[in-house]
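Colleague: The structure's right below; bear with me while I get my questions together.
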Amino acid sequence: MNDVLTHQSLCEGIVDQSSVAIVFGDREGIIRLWNAGAETMFGWTAGEVIGKSMDMIIPEKHRARHWEGYDRVMETGVTKYGQNVLAVPASTKDGRRISIEFNVVLLKDADGRVLGIAATMQDVTARWERDKALHARLAELEAKLKQAGVVTENKS
């Protein structure tokens, strides 16, 4: 490996250039890291969001629930979303609602105190819209079958 490439520079390069959105929020939920993938997904540049609340990407009606969970994780140091994927709505700079899936990593200091949360996120809006349309079509077809006197049992 090239001597110029250190472990730290490799990590920084991967984070900075990843098409997957990578965001770090400190204990108070202030954005401290915002990579190129986050810029593409949400529309804000790092300069526009660093030092600001994550409320910028959290739809208003979901904020209370988000902060309740976030504060609990900061207090307990425990999250189930390190292994499990969480799917939630998010907001973009232009006001669009998108669907995202993400995992988190809790970053802790040497004493085990949580410093904040890093999240890796992907925009799954197209899949969410496709699934919603398929479910609507299925419901429509089942209604037609029921109307025709054919009994169906939906297992979905």
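Colleague: List the longest stretch of the chain that has no exposed loop site; here a site is one of the trypsin sites (Lys or Arg not before Pro) assigned by DSSP to anything other than H, G, I, E or B, with at most 16 other Cβ within 10 Å. Don't skip to the end; give the middle numbers.
Modeller: Values: sites that count: 27, 52, 80, 93, 96, 113, 155.
Result for the longest clean stretch: 114-154.
Colleague: In debye, nearest 20, what is the charge dipole magnitude of the chain about its Cα centre with +1 on Lys and Arg Cβ and -1 on Asp and Glu Cβ, if you could check?
Modeller: Numbers: 20 positive and 22 negative charges, 154 e Å.
Dipole about the Cα centre, nearest 20: 740 debye.
Colleague: Expected output is a single nm value to one decimal: the length gained when fully extending between residue 19 and residue 147, i.e. 0.36 nm times separation in residues minus the C-alpha distance. What is it? Spell out each step's value before the answer.
Modeller: On the way: separation 128, 0.36 × 128 = 46.08 nm, distance 4.78 nm.
Working it through step by step, the gained length comes to 41.3 nm.
Colleague: Evaluate the chain: find the radius of gyration of its Cα atoms, find its Kirkwood radius, and give the ratio Rg to Rh. Don't jump to the answer; show the numbers that get you there.
Modeller: On the way: Rg = 20.1 Å, Rh = 18.0 Å.
Radius of gyration relative to Kirkwood radius: 1.12.
Colleague: What does the helix-only formula give at 222 nm for the chain: each DSSP H stretch with n ≥ 4 adding -39500 (n - 2.57), the total divided by the residues, and the result rounded to the nearest 500 deg cm²/dmol? Write down the numbers at each step before the final one.
Modeller: On the way: 5 runs with 59 residues, N = 156.
It lands at -11500 deg cm²/dmol.
Colleague: Any idea of residue 30's accessible area? Nearest 10 Å², probe 1.4 Å.
Modeller: Spelled out: residue 30, probe radius 1.4 Å, area about 40 Å².
Colleague: If you don't mind, there's one more thing I want to ask. Scanning the chain for GluC sites (Glu not before Pro) in DSSP loops with at most 16 other Cβ atoms within 10 Å, what's the longest stretch left with none?
Modeller: On the way: sites that count: 28, 153.
Excluding the exposed sites themselves, the longest stretch runs over 29-152.
Colleague: Step through the residues of region 87-95 one at a time and calculate ³J(HN,Hα) from phi using the Karplus curve (6.51 cos²θ - 1.76 cosθ + 1.60, θ = phi - 60°), rounding each to whole Hz and writing x for Gly and Pro.
Modeller: Computed from phi, the couplings for region 87-95 are 10, 9, x, 9, 10, 9, 4, 7, x Hz.
Colleague: Convert each backbone phi in region 5-13 into a coupling constant with the Karplus relation 6.51 cos²θ - 1.76 cosθ + 1.60 (shift: θ = phi - 60°), then list the ³J(HN,Hα) values in order as whole Hz, x for Gly and Pro.
Modeller: Values per residue, Gly and Pro as x: 7, 8, 4, 5, 5, 4, 4, 4, x Hz.
Colleague: List the pairs from 61/93; 52/80; 108/132; 80/132; 61/132 whose alpha-carbon separation is above 28 Å, in the order I gave them. Each step should come with its number before you reach the end.
Modeller: Values: 61/93 17 Å; 52/80 25 Å; 108/132 39 Å; 80/132 26 Å; 61/132 21 Å.
Beyond 28 Å between Cα atoms: 108/132.
Colleague: On to the next question. Explain nothing, just the number: relative contact order of the chain, from Cα pairs under 8 Å at least 6 residues apart, as a whole percent.
Modeller: On the way: 218 pairs, mean separation 30.3, N = 156.
Across the chain, relative contact order equals 19 percent.
The values are calculated or read from the model by the stated rules, or taken from the named source; none is laboratory data. The structure displayed is predicted, hence computed values, not measured ones. FYI the Cβ positions are ideal-geometry reconstructions off the backbone, even for glycines, and counts take in every protein chain you see. For the accessible areas, the whole protein counts, side chains as well, though only heavy atoms, and no ligand, DNA or RNA atoms are used. Shrake-Rupley method; radii C 1.70, N 1.55, O 1.52, S 1.80 Å.
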